[in-house]
Amino acid sequence: MPIPSRAALVDHLLHTRISGEVATPRENNLSHYRKLANGDRNFWLGLELGDRWTDEQDVLAVMAERCGVIDDPEFRFGQDTINVELTVAGLDRMAARLRKAVAGGERVLFATGHPGALLDVHRRTAGAMRAAGCDVVRIPGGLIADEGCVVQFADVAVFERGASLWHTHSPEPMSAILDGLERAGEEPPALVVADHGWAGRAGQRGVDAVGYADCNDPALFIGEAEGTVQVTVALDDHVTDPRFYEPMTAYLLDAAGLPGADSLH
């Protein structure tokens with residue numbers, strides 16, 4: 001796959017609705033912002049927000065600034081948006097952190113709560129980071145969380161239950177990994193590349209974390225605003241065809257100076 005220019009990537013993200021007019025409706029976004037503000041920890045994604053974000057309008061303001069949702073509090077129903085320029089800017093910031101990891105030969109852990117959509121994004125990034133000299137963390141065996149198993153598939157930590165990979169927002173699988181590494185006497189990762197509660201809990205535990213987040217998942221954007229999460233890339237995290245993310249992955253790897261950016265197919 002040719003590495004897209006910034007302009008070509010913007011066109012692709014808009015065409016596939018990874019950014020721009022995304023599928024998530026406004027009412028769903030506002031419902032999640034309200035639940036976060038009301039202290040529902042299912043929407044804190046592993047972060048400890050205390051009483052700092054109890055006003056739904058403050059959450060909306062952060063999401064308008066960092067994700068690009070419509071900033072009008074009176075807009076309650078209809079199509080919401082992700083600003084494509086913010087998506088690409090987030091990819092550029094993530095690429096800078098990946099370059100730093102390569103320069104330092106860091107231990108890097110990859111994880112996803114969206115195995116149906118983002119697994120291949122993380123897998124390809126992990127492969128490129130290993131080829132560039134990073135140590136991709138191998139998680140301990142036998143890890144349990146949320147009545148399921150935390151396993152590693154194609155270098156990416158995922159949550160498994162009933163012989164299936166599950167979509168999960170829970171931070172508990174990441175806690176299980178970090179605790180398991182400590183029990184095994186292994187160094188924690190210097191960097192976690194993830195999404196959902198996997199990224200939030202890593203950042204809360206003091207590990208540099210970068211991740212992807214949708215416009216109905218405000219916690220990671222708040223985490224970046226507070227400095228707990230290093231980078232949050234705004235995008236629709238489950239579009240209809242996972243292959244739609246391939247140009248984005250190629251752009252990210254190229255921006256990070258990683259090998260294999262032009263070998264995606």
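Which of the following residues is part of a helix (DSSP H, G or I) and modelled with pLDDT of 95 or more: T54, T125?
T125
Of all the criteria given as (1) aliphatic (A, V, I, L, M); (2) at pLDDT 95 or above; (3) in a loop (DSSP other than H, G, I, E, B); (4) farther than 22 Å from D195 by Cα, the one not satisfied by A8 is (3). Against the condition closer than 15 Å to F221 by Cβ, touching a residue at least 12 places away in the same chain (Cβ under 8 Å) and part of a loop (DSSP other than H, G, I, E, B), how does L47 come out, does it pass? It is true that L47 is closer than 15 Å to F221 by Cβ, touching a residue at least 12 places away in the same chain (Cβ under 8 Å) and part of a loop (DSSP other than H, G, I, E, B). For the structure I just gave you, tell me whether A23 is over 15 Å from P218 (Cβ atoms), touching a residue at least 12 places away in the same chain (Cβ under 8 Å) and outside any helix (DSSP H, G or I). Spelling it out, A23 is indeed over 15 Å from P218 (Cβ atoms), touching a residue at least 12 places away in the same chain (Cβ under 8 Å) and outside any helix (DSSP H, G or I). Taking the range 146-179, which residues are among the polar types (S, T, N, Q) and more than 19 Å from the chain's Cα centre (by Cα)? The answer is S164, and nothing else.
Filtering the range 163-190 to residues that are assigned to a loop (DSSP other than H, G, I, E, B) and more than 21 Å from N42 (Cβ to Cβ) leaves A163, A184, G185, E186, E187, P188, P189, A190. Can you tell me which residues in the range 241-253 are surrounded by fewer than 17 Cβ atoms within 10 Å (Cβ to Cβ) and not in a loop (DSSP other than H, G, I, E, B)? Those that are surrounded by fewer than 17 Cβ atoms within 10 Å (Cβ to Cβ) and not in a loop (DSSP other than H, G, I, E, B): P242, R243.
The values are calculated or read from the model by the stated rules, or taken from the named source; none is laboratory data. These numbers were taken from a predicted model, which means no experiment stands behind them. Ideal geometry is used to build each Cβ from the backbone, glycine not excepted, and the neighbour counts take in all protein chains shown.
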